[in-house]
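Here is the structure we will look at.
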Amino acid sequence: MTAMVPTADIDSGSGTAPLLQVRDLVTSIKGRKSDVAAVDHVSFSVSRGEIFGVVGESGCGKSMTALSILRLIPVNAAITGGAILFDGVDLTTLNERAMRSIRGNRISMVFQEPMTALDPSFTVGTQITEVIHAHSNVSKAEARERAAQMLDRLGITNAASRLDSYPHQFSGGMRQRVMMALALVMNPQLLIADEPTTALDVTIQAQILDLIAELRRDMGLSVLLITHNLGVVHEIADRVAVMYAGEVVEIGPVQQIFANPQHPYTQGLLRSMPYLTDRQDRLYVIPGRVPELRAMPSGCRFAARCRNRIPICTQRHPQLVENEPRHALRCFNPTPYVD
Amino acid sequence: MARTIVYRSLYAVLLLIAASFLVFYGMRLAPGDVAEVLASHPTGQMTVERIREDLGLNRPVFVQYGTYMRELLSGNLGVSLVTGEPISEILRTSASYTLRLAVLAFLLSIGLAIPLGALAAWKRNSLFDQGTMLIAVIGMGIPNFFLAVLLIQLFTVRLGWLPVAGYETPKHIIMPALVLAAEALAINLRVVRSSVLEELGRDYVRTLKAKGLSNRRILWLHVLRNSLPPVIALAGIMMRTLLGYTLIVETIFRWPGLGYQLVNAVLKRDYTVAQTLAILLTAAVIIFNALADLLQQWADPRTRGKAGA
Amino acid sequence: MTAFDSSSLPPEAPIEAVVAVAPGLTWGERLAPFLANKLAVLGAFLTFFFLVVACIGAAIMFVPGWSDLYIDQRLRETLLRPLSPGFPLGTDQFGRDMMWRIAAGTAVSLFTGLAVTIISMFFGMILGALAGYAGGIVDRVISAFIDLVWGFPVILVAVIFVGALKPGLTAVILAISVVNWAGFARIVRAQVISLKERAFIEAARALGVPSWKIIVRHLVPNMLGTSLVMASYYIAVTVIAEAGLAFIGLGAQPPTPSLGQMISEGRNFLYVNPWVAILPGMTIALIVLGLNTLGDGLRDIFDPHLRRS
């Protein structure tokens with residue numbers, strides 16, 4: 001593991017206290033010989049009503065970060081450092097019972113797989129109303145009414161009768177709406193969406209993203225959007241953190257990052273995005289592979305794949321440094337983006 | 001689903017006719033024996049030929065089968081060749097004994113296997129898990145008649161707690177029920193555990209946790225519900241297996257159920273009793289098989305939905 | 001054993017994809033997982049040990065003059081406990097030497113198991129292959145028969161057979177075979193059906209070779225592996241069934257020695273010397289354990305797809 005690094009806490013600059021503050025979060029996976037940090041001193045914050053994107057390749061630690069916030073990490077993993085402040089309370093210190101009263105109630109999560117993320121044996125009505133019953137004391141009829149309203153709100157026609165359908169009777173896009181319905185039915189403050197559109201086809205993807213943007217506008221929802229797709233971030237996020245090998249390598253407002261990406265890895269991601277590279281014949285691919293968690297280099301973790309590499313990159317670990325207001329990056333040798 | 005039920009039932013009826021004929025024919029393979037049993041009976045002065053004629057044994061076997069089944073279906077079961085007792089009477093008392101034993105054993109195997117197996121899966125690799133699985137291995141490895149002897153050695157000979165055989169007190173049912181349930185319990189334990197383990201790894205479990213539900217609700221409602229299809233599917237097969245084992249277990253503990261009566265009738269060459277009991281037990285097996293098939297389809301809402309459409 | 005050798009198959013055969021025997025492995029590579037599996041090695045050892053015991057037992061049963069070893073009664077030395085001078089495993093209620101009786105009983109058990117398995121494999125393979133290859137009405141008739149007997153409680157069938165014939169090994173062997181062939185038939189039928197489609201394609205390419213020849217060429221090496229695995233399980237099932245039937249008095253009749261019958265008789269002397277019942281019971285449990293673990297190990301070799309992680 002690398003030396004402790006002080007990391008800049010870059011917030012939205014709105015002035016008010018952010019809803020969620022992740023500070024120096026370390027989540028380790030128990031290994032056979034030693035533990036490895038899948039999330040390594042990650043810091044960011046999400047303001048009220050903000051959509052915050054986290055991008056990176058699979059295995060970069062972005063999903064583990066999301067799961068750490070709700071403390072839903074696998075049994076072989078543990079949060080070993082840092083703090084997760086939600087509305088002023090450190091979630092890492094809560095007991096299991098207190099944590100349960102937050103899950104699905106004040107912080108909700110939507111997962112990638114709408115085909116398998118719902119229980120196949122219960123009607124969607126039961127699956128939505130049980131969230132209501134878990135977190136509030138209402139009658140069955142009222143819970144059902146609220147579930148129907150939520151489905152209707154999320155664009156499912158005949159919502160009241162659809163409550164008695166099983167998940168397999170819905171299409172993929174509709175199922176993701178059901179997932180969002182049960183995530184939003186308690187009117188949470190924060191929605192964590194882990195690759196919510198990845199398993200859907202393109203037109204449905206756009207619908208779901210529009211829906212998220214609309215809910216933010218109407219309900220004042222904060223959204224932590226986990227995705228590998230920069231296009232999704234570009235479309236609806238306000239700010240974005242780019243993660244690589246367990247670390248945040250660049251963080252800032254979406255417009256700035258897209259207009260002026262500084263980190264060679266972010267630049268590589270942008271280059272490899274299909275719709276921004278129409279002029280090229282072939283998709284750009286970042287050479288090399290993500291280093292394994294067990295064999296993390298002591299210098300910059302991206303150095304081996306970097307086109308801007310200079311000698312210091314393999315010798316010292318770069319810090320996250322703010323190089324323009326609200327925009328920070330972890331690089332010794334940033335260069336302007338050339339498409 | 002309705003269509004499936006009709007087809008499966010028709011098939012079961014066909015199998016029933018074929019099986020009952022085979023049993024009937026099998027039992028008649030040695031008709032000389034039958035007549036001799038009767039002729040040697042102290043109360044009768046009848047000749048072998050006379051008995052054959054009386055029983056219709058000299059008519060074609062299909063005619064005999066037809067006559068027999070007509071009588072059987074109209075409830076006229078005849079009398080025991082050895083004791084003269086009406087077979088319907090033997091049936092009534094012994095069926096209630098078998099039912100009591102089998103239901104207790106079935107409930108014991110399912111009722112213990114589901115909570116223990118699910119808990120073992122939830123606390124995977126714990127001492128509890130390993131202990132439960134050890135019981136399962138032992139239960140599957142020891143033949144039931146040997147288990148019976150071991151239990152008798154422990155509970156009757158060593159501890160003197162339980163009677164060795166008979167049916168007079170409630171205590172008498174304990175050992176036969178345990179022995180009858182042992183293998184089914186062992187198999188169910190493994191099936192429940194592996195099924196729950198598989199379900200625990202599924203994506204929807206993470207969703208349920210993210211919804212803020214209690215572990216109790218997640219395990220005992222959602223995960224268990226999804227783990228049940230293989231267990232329910234197996235339950236049909238279990239009933240059939242239990243039925244087969246009653247022959248051995250009832251005989252060991254002299255529990256006067258259908259199995260004990262059948263084995264006894266066969267040993268005493270009481271062929272009217274043996275034939276009727278054998279046909280009825282065969283019918284029960286075929287019905288259980290059909291039920292097992294239907295249960296298996298019903299247990300899975302995905303296939304239920306498709307079959308209903 | 002060249003039939004198992006993958007080199008006897010044409011290397012380019014597309015059919016390789018469906019074969020159970022993993023192609024291109026040397027015998028050393030195939031045996032590696034077996035030897036690494038300590039339980040499988042134990043199973044092989046136990047099976048080998050009891051085969052030797054069975055051969056000794058058969059010898060003392062059939063060599064004139066040697067049968068005194070297990071038949072001779074010494075009424076002044078009854079129910080001796082194990083490790084008594086001259087009788088390492090003790091004596092039974094007639095003062096007969098338990099060691100030789102167990103050896104003879106093992107012979108009856110294992111050779112009954114072998115006989116049943118050979119008979120049911122023979123008929124199961126022929127009928128299963130016929131059903132799978134012919135299809136149509138032949139398949140439906142044979143499949144109906146498979147459905148009828150498959151999963152029928154062996155004990156019930158055996159009791160019916162004993163009723164039709166008379167108590168003894170013949171009825172037991174026939175009865176268990178009548179049920180077990182269906183198990184083999186199901187597997188062979190499924191294999192033939194999956195091979196058939198590919199074989200036709202191959203036959204169309206290699207003009208002039210009838211498809212049944214291709215099926216036979218691929219089926220035989222495949223089935224040899226699967227059969228070995230199934231045979232070890234089925235011998236175990238048969239050993240249990242035979243002992244159970246003997247236990248309730250329907251199996252081998254005296255003077256033929258049988259482990260089940262020994263347990264049954266020993267039950268009456270649990271207070272004096274429980275070993276008379278427990279030793280033959282443990283023998284059965286160990287035989288079954290050996291065969292089952294051997295079967296698991298063999299399955300790992302021949303059917304890598306089924307290997308449990």
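When each of C:LEU89, C:LEU69, C:LEU80 is tested for being over 27 Å from C:ILE235 (Cβ atoms) and not charged (D, E, K, R), the lone residue that passes is C:LEU80. When you look at A:LEU72, is it away from chain B (no Cβ under 14 Å), farther than 22 Å from A:MET219 by Cβ and outside any helix (DSSP H, G or I), yes or no? The answer is no for A:LEU72.
Yes or no, residue by residue, for (1) modelled with pLDDT under 90; (2) within 14 Å of chain B (Cβ to nearest Cβ):
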{"position": "C:MET223", "(1), (2)": "yes, no"}
{"position": "C:THR226", "(1), (2)": "yes, no"}
{"position": "C:ALA236", "(1), (2)": "no, yes"}
{"position": "C:VAL239", "(1), (2)": "no, yes"}
{"position": "C:GLU242", "(1), (2)": "no, yes"}
{"position": "C:LEU245", "(1), (2)": "no, yes"}
{"position": "C:PRO257", "(1), (2)": "yes, no"}
{"position": "C:VAL272", "(1), (2)": "yes, yes"}
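B:LEU267 - would you say it is within 7 Å of chain C (Cβ to nearest Cβ), over 14 Å from C:LEU250 (Cα atoms), surrounded by fewer than 24 Cβ atoms within 10 Å (Cβ to Cβ) and aliphatic (A, V, I, L, M)? No, not satisfied.
For C:MET282, the conditions (1) at pLDDT 85 or above; (2) of a type outside the set (Gly, Ala, Ser); (3) more than 17 Å from C:ALA241 (Cα to Cα) all hold with the exception of (3). Scanning the range A:131-145 for residues that are in a helix (DSSP H, G or I), surrounded by fewer than 17 Cβ atoms within 10 Å (Cβ to Cβ) and more than 14 Å from chain B (Cβ to nearest Cβ) yields a total of 4. All conditions in (1) crowded, with 22+ Cβ neighbours inside 10 Å; (2) within 13 Å of another protein chain (Cβ to nearest Cβ); (3) in contact (Cβ under 8 Å) with a residue 12 or more places away in the chain hold for B:ALA233, with the sole exception of (1). Within the range C:242-261, residues that are touching a residue at least 12 places away in the same chain (Cβ under 8 Å) reach partners that are aliphatic (A, V, I, L, M) and outside any helix (DSSP H, G or I) with beta carbons closer than 6 Å, at six or more positions or on different chains, in the pairs C:ALA246/C:ALA252; C:SER258/C:ALA252.
Entry remark, the range B:270-309: residues being modelled with pLDDT under 80 and either among the small types (Gly, Ala, Ser) or within 16 Å of B:LEU73 (Cβ to Cβ) (or both) number 6 in total. Screening B:LEU108 against (1) under 24 Å from C:ALA241 (Cα atoms); (2) within 13 Å of chain C (Cβ to nearest Cβ); (3) in a helix (DSSP H, G or I) leaves a single unmet condition, (2). Among the residues of the range C:100-111, none qualifies, meaning not one is over 29 Å from C:GLY281 (Cα atoms) and away from chain B (no Cβ under 14 Å). One residue alone among C:ILE284, C:ILE278 is crowded, with 24+ Cβ neighbours inside 10 Å and assigned to a helix (DSSP H, G or I), and that residue is C:ILE284. Could you tell me which of the residues B:ALA292, B:ALA278 is without any contact (Cβ under 8 Å) to a residue 60 or more places away in the chain, among the hydrophobic types (A, V, I, L, M, F, W, C) and on the phi < 0 side of the Ramachandran plot? Criteria check complete, one pass: B:ALA292. Among the candidates A:ALA134, A:ALA148, A:ALA143, the residue that is touching a residue at least 24 places away in the same chain (Cβ under 8 Å) and either out of contact with any strand residue (DSSP E or B) (no Cβ under 8 Å at 6 or more places or on another chain) or charged (D, E, K, R) (or both) is uniquely A:ALA134. Tell me whether the range C:132-149 contains one or more residues that are within 13 Å of chain B (Cβ to nearest Cβ) and assigned to a loop (DSSP other than H, G, I, E, B). No: the range C:132-149 contains no residue that is within 13 Å of chain B (Cβ to nearest Cβ) and assigned to a loop (DSSP other than H, G, I, E, B). Among the residues of the range A:165-182, those identified as surrounded by fewer than 19 Cβ atoms within 10 Å (Cβ to Cβ) and within 12 Å of chain B (Cβ to nearest Cβ) are A:SER165, A:HIS168, A:GLN169. The set of residues in the range B:78-106 being over 14 Å from B:PRO176 (Cβ atoms) and under 13 Å from the mean Cα position of the chain (by Cα) consists of B:ALA95 alone. Hey, among the residues in the range A:98-128 that are under 14 Å from A:LEU184 (Cβ atoms) and polar (S, T, N, Q), which one's surrounded by the fewest Cβ atoms within 10 Å (Cβ to Cβ)? Taking the candidates together, the pick is A:ASN105.
Put simply, of A:PRO253, A:PRO264 the only residue that is touching a residue at least 24 places away in the same chain (Cβ under 8 Å), more than 13 Å from the chain's Cα centre (by Cα) and more than 26 Å from A:VAL202 (Cα to Cα) is A:PRO264.
Scan the range B:74-95 for residues that are assigned to a helix (DSSP H, G or I), free of Cβ contacts under 8 Å to residues at least 40 places away in the same chain and not small (Gly, Ala, Ser) and jot them down.
We begin by selecting, within the range B:74-95, every residue assigned to a helix (DSSP H, G or I); these are B:87-95.
Among the residues that remain, those that are also free of Cβ contacts under 8 Å to residues at least 40 places away in the same chain are: B:88-89, B:92.
Of everything in the range B:74-95, those that are assigned to a helix (DSSP H, G or I), free of Cβ contacts under 8 Å to residues at least 40 places away in the same chain and not small (Gly, Ala, Ser) turn out to be B:GLU89, B:ARG92.
Checking each residue in the range A:75-121 for being within 11 Å of another protein chain (Cβ to nearest Cβ), over 28 Å from A:ILE208 (Cα atoms) and outside any helix (DSSP H, G or I) picks out only A:VAL75.
Identify, please: which residue in the range B:196-223 is of a type in the set (D, E, K, R), within 8 Å of chain A (Cβ to nearest Cβ) and within 38 Å of the chain's Cα centre (by Cα) and is, among those, nearest to A:ALA183 (Cα to Cα)?
Filtering the range B:196-223 down to residues of a type in the set (D, E, K, R) leaves B:198-199, B:202-203, B:206, B:209, B:211, B:216-217.
After this cut, where a residue has to be within 8 Å of chain A (Cβ to nearest Cβ) as well, the list is B:202-203, B:206, B:209, B:211, B:217.
From what is left, the residues that are within 38 Å of the chain's Cα centre (by Cα) are B:202-203, B:217.
On the way: B:ARG202: 18, B:ASP203: 15, B:ARG217: 18 Å.
This residue is B:ASP203.
Checking the range A:147-157 against the condition returns a match, with at least one residue being within 14 Å of another protein chain (Cβ to nearest Cβ) and either touching a Pro at 6+ places or on another chain (Cβ under 7 Å) or within 30 Å of A:ILE73 (Cα to Cα) (or both). Being within 14 Å of chain B (Cβ to nearest Cβ), surrounded by fewer than 24 Cβ atoms within 10 Å (Cβ to Cβ) and in a loop (DSSP other than H, G, I, E, B) is a property that does not hold for C:PRO82. Quick one: would you say C:LYS196 is modelled with pLDDT of 70 or more, more than 26 Å from C:SER143 (Cα to Cα) and of a type in the set (Lys, Arg)? No, not satisfied. Screening the range C:32-58 for residues that are small (Gly, Ala, Ser) and exposed (fewer than 15 other Cβ atoms within 10 Å of the Cβ) and picking the one that is farthest from C:TYR271 (Cα to Cα) gives C:ALA32. Would it be correct to say that A:ILE128 is touching a Ser or Thr at 6+ places or on another chain (Cβ under 9 Å) and more than 9 Å from chain B (Cβ to nearest Cβ)? Answer is no for this residue.
The values are calculated or read from the model by the stated rules, or taken from the named source; none is laboratory data. If you're wondering where the values come from, they're calculated on a predicted model, not measured in any experiment. All Cβ positions, glycine included, derive from the backbone under ideal geometry; neighbour counts span all protein chains shown.
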